[in-house]
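**Student:** Let me begin by handing over the structure; questions about it come next.
The values are calculated or read from the model by the stated rules, or taken from the named source; none is laboratory data. Nothing here was measured: the structure is a model prediction, and the numbers come from that model. Here Cβ is always computed from backbone atoms with ideal geometry, including for glycine, and neighbour counts include all displayed protein chains.
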Amino acid sequence: MNLGINLSRAIRTTAFRMSLIYLVLFGVSVFLLLSFIYWWTAGITTLQTDDTIDAEITGLSEQYRANGLAGLANIVRERSQNERQSLYLLIDPNRKSLAGNLNAWPEVETQEGGWLDFPYQRPVSGKVMTHEARGRHLLLGNGFQLLVGRDIHERMRIEKIMRRSLLWAVVLTLALGLIGGLFMSRNLLRRVEAITRTSRDIMAGDLHQRIPVTGGDDELDQLAVNLNEMLEQIERLVMGMRQVTENIAHDLRSPLNRLRSRLEVTLMGDASDVDYRDALQQTIDETADLLETFNALLNIAQAESGQLEADKKDFNLSALVRNMAELYEPVAEEKRMTLTSEVAPGITVFGNKHLMSQALSNLLDNAVKYSPSGGKLMLVLRLNENRPQLVIADSGAGIAEADRVRGLDRFVRLEASRNSPGSGLGLSLVKAVAQLHCADIELEDNLPGLRVVLTFEEQ
């Protein structure tokens, strides 16, 4: 029952229908090819037979003209004894046999040119068998006639075998093609059903499901690989959205509640104009921090979702890094720090210049923020094995090795920065921008301080 259902489903598949179409076309092609081979072979053998008969007719005619009827009769008797496939019959005006290996003149209608196809009796292994023959008769004059023919029984048998082989070849081709089409359809149906089951599981909420890959590297495998990559991207986006939602609910609720409480306390009390102005100023400051946080989240979401892929183009990374170094030199000097920059010229990358500038700004802000007075900052852009490499190093407290992976997540505030202002989104934005530019990001120990390394794709 299950087998019948599977066969029924396989027959209804597009793969089976396409296989059936190709099968019909291939079967017709095989039939035409074998028919041509049969026609050509049969035609050649028939032509050879006719040419042999014509040659004998010509030779015997010359013998008749040279030696007369008696000489012709002697030649016919001699050839009748020696030839096994050739047939001869010389008759007088009364149709009486004078010489030859045929018993009587064939009772068949003569064709154009004196040709005739006729059966005759022939002894074979002690038995009299009916064979087919083809011949041509020659009028000698005075009512005498000569018939020269060839036994074509073997040729007819071979042609019959060829016709039967042609039929079986077409039947076997169609049968094997049909079986192959069913097998291919069932195999394709199983793979499509696997994709369907995976899709249903994903629609049910199981985002961890992936489409199986057979390893054959065919079109379906390539489709499965692309779909799996898409599913991984969707899963990352969904998990990121859940994380952002949880983080917003956890980290932004407190500032909003604090903002509301301050306004309510100010309104409830007997405050002066100065108190109102202070409350409004604090509200504006906290609102600016909230907007900055939302903007950072938006930039991260856009970078991770691929919405900015269309805005990517080649830009001069060397010029961007030099500009950022010039911009932050006064900031470092204000905190009595030394900013050293080493920028290799002419390095370009394919990406979003605005986001890269923002990521670099976040790294330099962190470096200035967490480095002590008199510290050293370093900004380096170089080629490492033909790959652009950007290094930002400081002399601050750094990040413990156990916290470096977690430090790239959203809203993560490590112990060293817990008392400093910020949203915990700086490094997560850098990570998102690095992923958008297909760059590797590594957090290393600068002894002392933190060393952030961005390595881009080979140029």
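**Student:** Looking at region 152-174, which of the residues that are more than 51 Å from the chain's Cα centre (by Cα) and in contact (Cβ under 8 Å) with a residue 40 or more places away in the chain is surrounded by the fewest Cβ atoms within 10 Å (Cβ to Cβ)?
**Tutor:** It comes out as R155.
**Student:** Say we look at region 182-228 and pick out the residues that are of a type in the set (D, E, K, R), touching a Ser or Thr at 6+ places or on another chain (Cβ under 9 Å) and in a helix (DSSP H, G or I); which of these is farthest from M239 (Cα to Cα)?
**Tutor:** R186
**Student:** Restricting to region 439-450, what's the tally of residues that are surrounded by fewer than 17 Cβ atoms within 10 Å (Cβ to Cβ) and within 43 Å of the chain's Cα centre (by Cα)? It would help to see each step written out before you state the result.
**Tutor:** Applying the first criterion (surrounded by fewer than 17 Cβ atoms within 10 Å (Cβ to Cβ)) to region 439-450 yields 440, 442, 444-445, 447-448.
Then keep just the ones that are within 43 Å of the chain's Cα centre (by Cα); that gives 440, 442, 444.
Residues in region 439-450 being surrounded by fewer than 17 Cβ atoms within 10 Å (Cβ to Cβ) and within 43 Å of the chain's Cα centre (by Cα): 3 in total.
**Student:** Taking the conditions exactly as written (in contact with a helix residue (DSSP H, G or I) (Cβ under 8 Å, 6 or more places away or on another chain), β-branched (V, I, T) and at pLDDT 85 or above), does V343 satisfy them or not?
**Tutor:** Here the answer is yes, as V343 does meet what is asked.
**Student:** Determine whether L23 is modelled with pLDDT under 75, under 60 Å from the mean Cα position of the chain (by Cα) and in the same structural domain as G135 (by TED's automatic domain parsing).
**Tutor:** Taking the combined requirement at face value, the residue satisfies it.
**Student:** Would you check which residues across region 313-335 are under 20 Å from E458 (Cα atoms) and without any contact (Cβ under 8 Å) to a residue 60 or more places away in the chain and list them?
**Tutor:** K313, D314, F315, N316, A319, L320
**Student:** From (1) of a type outside the set (A, V, I, L, M, F, W, C); (2) farther than 30 Å from V24 by Cβ; (3) at pLDDT 75 or above, pick out the condition that doesn't hold for H250.
**Tutor:** Result: H250 fails condition (3) only.
**Student:** Keeping to region 21-67, report how many residues are closer than 26 Å to K160 by Cβ, among the charged types (D, E, K, R) and either free of Cβ contacts under 8 Å to residues at least 40 places away in the same chain or not in a helix (DSSP H, G or I) (or both).
**Tutor:** 1
**Student:** For region 255-303, how many residues are among the small types (G, A, S) and either at pLDDT 75 or above or within 30 Å of Q435 (Cα to Cα) (or both)?
**Tutor:** 6
**Student:** Among all residue pairs at least 6 apart or on different chains, which show Cβ distances below 9 Å where the first residue, located in region 336-347, is touching a residue at least 40 places away in the same chain (Cβ under 8 Å) and within 16 Å of N366 (Cα to Cα) and the second is outside any strand (DSSP E or B) and polar (S, T, N, Q)?
**Tutor:** So the pair list comes out as M337/S371; M337/S373; M337/S395.
**Student:** Can you tell me which residue among G149, G177, G135, G100 is closer than 30 Å to L20 by Cα and surrounded by 15 or more Cβ atoms within 10 Å (Cβ to Cβ)?
**Tutor:** Numbers: G149 fails: closer than 30 Å to L20 by Cα; G135 fails: closer than 30 Å to L20 by Cα; G100 fails: closer than 30 Å to L20 by Cα.
G177 is the lone residue from the list that is closer than 30 Å to L20 by Cα and surrounded by 15 or more Cβ atoms within 10 Å (Cβ to Cβ).
**Student:** Condition check: surrounded by 12 or more Cβ atoms within 10 Å (Cβ to Cβ), of a type in the set (A, V, I, L, M, F, W, C), without any contact (Cβ under 8 Å) to a residue 60 or more places away in the chain and in the same structural domain as F36 (by TED's automatic domain parsing). Does I195 satisfy that?
**Tutor:** yes
**Student:** Which residue, of V108, V76, is closer than 22 Å to E154 by Cβ and not polar (S, T, N, Q)?
**Tutor:** One residue alone meets the criteria, V108.
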